[in-house]
1. For residues that are touching a residue at least 60 places away in the same chain (Cβ under 8 Å) and of a type in the set (S, T, N, Q), tally how many sit in segment B:257-300.
2. With A:109, A:86, A:44 as the choices, which residue is of a type in the set (Gly, Ala, Ser) and in contact with a helix residue (DSSP H, G or I) (Cβ under 8 Å, 6 or more places away or on another chain)?
3. Could you list, in sequence order, all residues of segment B:212-248 that are more than 7 Å from every other protein chain (Cβ to nearest Cβ) and farther than 21 Å from residue A:224 by Cβ?
4. Six or more apart or on different chains, Cβ atoms under 9 Å: show the pairs whose first residue is in segment B:181-204 and basic (Lys, Arg) and whose second is not in a loop (DSSP other than H, G, I, E, B).
5. I'm told residue A:274 meets every condition in (1) under 22 Å from residue A:144 (Cβ atoms); (2) β-branched (Val, Ile, Thr); (3) more than 9 Å from chain B (Cβ to nearest Cβ); (4) part of a helix (DSSP H, G or I) except one. Can you identify the failing condition by its number?
6. Just to verify a result, which residue in segment B:195-244, among those that are within 26 Å of residue A:210 (Cα to Cα) and among the polar types (S, T, N, Q), is nearest to the chain's Cα centre (by Cα)?
7. For residues that are crowded, with 18+ Cβ neighbours inside 10 Å and more than 24 Å from residue B:145 (Cα to Cα), scanning just segment A:204-216, find the one that is modelled with the lowest pLDDT.
8. Working only within segment B:295-332, note down all residues that are open to solvent by less than 10 Å² (accessible area, probe 1.4 Å) and within 18 Å of residue B:165 (Cβ to Cβ).
2 protein chains.
Amino acid sequence: MKIAIDGMGGDNAPMAVVEGVVEALKEHNDMEIYITGPKDKIEAEFNKHTYPKDKVTIVDASEVISTNEHPVMALRRKKDSSIVKALNLVKSGECEGIISAGSTGAFLAGCTLIVGRIKGVERPSLAPIMPGRRGSFMIIDAGANVDCKPGYLVQFAKMGKIYYESVFKKNNPSVGLINIGAEEEKGNELTKATYKLLKEEDMNFVGNVEPRDIPTGDVDVLVCDGFVGNTALKLYEGAAMNLLGIIKDHIMEASALSKLGAALLKPVFKKLMIKFDYKEVGGAPFLGVDGICIKAHGSSDGKAFKNAIRQTKIFHEGKVIDKIKVELGQNN
Amino acid sequence: MKIAIDGMGGDNAPMAVVEGVVEALKEHNDMEIYITGPKDKIEAEFNKHTYPKDKVTIVDASEVISTNEHPVMALRRKKDSSIVKALNLVKSGECEGIISAGSTGAFLAGCTLIVGRIKGVERPSLAPIMPGRRGSFMIIDAGANVDCKPGYLVQFAKMGKIYYESVFKKNNPSVGLINIGAEEEKGNELTKATYKLLKEEDMNFVGNVEPRDIPTGDVDVLVCDGFVGNTALKLYEGAAMNLLGIIKDHIMEASALSKLGAALLKPVFKKLMIKFDYKEVGGAPFLGVDGICIKAHGSSDGKAFKNAIRQTKIFHEGKVIDKIKVELGQNN
């Protein structure tokens with residue numbers, strides 16, 4: 001398959017992007033990479049590595065869209081940006097997928113405006129996978145749609161289910177509605193109406209999931225509006241970092257014996273950090289657009305890009321887009 | 001001061017309630033407690049302790065409202081319930097405050113319907129205090145109002161500021177808006193409109209607080225609608241418990257050396273548990289009603305009730321209700 005990568009997206013671009021590409025090409029020999037950005041800069045990075053030159057095409061792009069710019073305006077003005085050039089490669093059909101660690105706003109808007117929605121999908125949706133205590137879970141929508149109608153959430157549930165099923169090879173994954181109460185009649189106007197719709201759907205709908213239970217990972221696909229999803233996603237990360245920070249604070253003030261204890265526990269904390277390491281996951285799929293679109297973390301390193309490339313491949317092999325078209329494509 | 005306590009509220013009632021009362025009366029000699037519930041049952045609990053009998057009045061109440069009942073219907077039907085009897089003590093002016101660890105829904109509805117809103121307050125609001133890395137922070141609203149208008153959130157900010165200032169004795173506490181982005185133009189319709197209003201207010205408004213930064217405790221009063229607030233509150237608790245659970249899981253599977261490390265670190269983990277112990281905090285104030293209303297945690301033990309009683313006293317001494325009347329009371 002052919003994958004387009006925004007060579008200038010993310011805090012560590014283009015170095016980390018190129019590293020990820022080089023590593024990915026060692027693992028997958030059925031892949032071609034199109035990387036966008038200033039040709040000389042990207043070339044200089046590749047020249048630091050040995051890699052199969054026939055598998056890499058550098059697509060020159062002189063501009064970069066920063067995270068501070070207005071997404072839609074920047075997309076319109078900066079036609080020669082690394083992100084727009086990469087999106088055009090998917091639009092034209094030259095590439096099947098795109099990965100970017102650049103501005104989330106510009107990337108999501110670009111996926112919708114340039115790559116385009118799948119007909120029948122009302123709102124494409126961001127669906128990151130998070131580490132839970134007993135398994136990984138998806139939050140959909142995690143920030144693309146901050147004001148939602150119940151029908152959107154039903155589509156999020158369907159798309160999330162298809163992705164989870166196809167990528168994690170789990171039959172009939174459980175789908176839950178993030179809500180502040182377990183009973184059907186709990187919640188705000190949106191969740192109450194959504195519950196009624198979801199229970200009529202042909203899926204493994206397990207009802208409301210209270211926020212306290214999100215981190216267990218017991219429910220696979222967690223549906224919510226993008227404001228709540230983004231809040232949950234970022235607070236979950238923040239709470240974990242904060243708690244580890246508090247533990248560290250306490251250890252610094254603790255006795256020599258406790259400090260010894262902390263040293264002995266290092267392997268455990270290391271495992272924990274790996275579990276919470278977004279770099280292991282790759283990126284968040286943006287579901288509902290007519291191409292494989294993966295949003296990588298802004299601070300992605302080479303390993304994160306390598307894993308995002310692997311994820312793009314699994315996404316492709318799982319025929320997620322075809323399945324979404326079959327499931328949702330009939331509506332208009 | 002005189003405080004009404006729902007003797008049958010919470011998982012450990014009436015035992016834990018009575019324990020808390022007895023302990024509180026050892027610390028405060030300027031206090032009288034009115035405790036509601038089946039007289040014989042409550043008396044039997046008190047008979048296990050030595051306590052100043054002239055400071056305690058048992059108000060007989062034969063019924064209990066459970067958490068499964070519809071709040072408003074239950075309040076109407078069960079006039080002889082421990083919670084309704086306690087609320088009436090505040091309504092009549094016999095007591096200045098009420099504490100309950102019973103059904104949150106019934107308690108909040110009862111505070112509004114029986115004790116009554118302060119004139120000018122559009123929506124009374126639940127405002128728990130949470131432990132952060134560098135300080136305690138308040139979330140307002142944490143679940144009383146799931147569908148909100150911008151004007152409600154401005155009132156939450158004002159009431160939260162008054163409470164934080166009066167109870168934590170911190171001049172001009174910082175007020176932030178929970179939002180998914182730092183910039184003014186980020187967020188959903190509600191937060192965008194609220195931002196515009198808050199920046200015009202005479203308070204230390206520090207702008208948007210991204211969910212990742214909530215747990216730092218750097219901002220004192222965090223404003224949001226009740227759906228987002230309840231989600232943040234419960235996810236924060238859930239994430240902390242989950243993370244400690246994962247650490248435990250890893251330790252169980254770890255080497256003998258790591259297990260030794262964990263044993264040596266016990267004092268640190270113990271400190272951590274105390275930091276996250278809701279029992280230390282007391283309960284969550286319900287602000288905007290014309291009486292001191294404290295919602296204690298459902299699983300409160302004696303210590304939690306003792307601290308909730310102390311908190312009621314500080315609330316009283318801080319003249320929070322008078323200040324809310326001055327600040328918000330002019331509107332209607």
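1. 2
2. Values: A:86 fails: in contact with a helix residue (DSSP H, G or I) (Cβ under 8 Å, 6 or more places away or on another chain); A:44 fails: in contact with a helix residue (DSSP H, G or I) (Cβ under 8 Å, 6 or more places away or on another chain).
Testing whether each residue is of a type in the set (Gly, Ala, Ser) and in contact with a helix residue (DSSP H, G or I) (Cβ under 8 Å, 6 or more places away or on another chain) leaves just A:109.
3. Residues satisfying the conditions are B:217, B:218, B:219, B:220, B:221, B:244, B:248.
4. Taking only residues 6 or more apart or on different chains, the pairs are B:186/B:192; B:186/B:195; B:186/B:208; B:192/B:150; B:196/B:150; B:199/B:205; B:199/B:207.
5. Answer for residue A:274: the failing condition is (1).
6. Selected residue: B:230.
7. If we take residues in segment A:204-216 being crowded, with 18+ Cβ neighbours inside 10 Å and more than 24 Å from residue B:145 (Cα to Cα), then A:215 is modelled with the lowest pLDDT.
8. The answer is B:312, B:315, B:318, B:320, B:324, B:328.
The values are calculated or read from the model by the stated rules, or taken from the named source; none is laboratory data. Note that the structure is predicted; figures quoted are calculated from it, not measured. Because the Cβ atoms are built from the backbone with ideal geometry, glycine has one as well, and the counts that use them run over all protein chains shown. The protein model used for the area step is the full one, side chains on, heavy atoms only, and it has no ligands, DNA or RNA in it. Shrake-Rupley method; radii C 1.70, N 1.55, O 1.52, S 1.80 Å.
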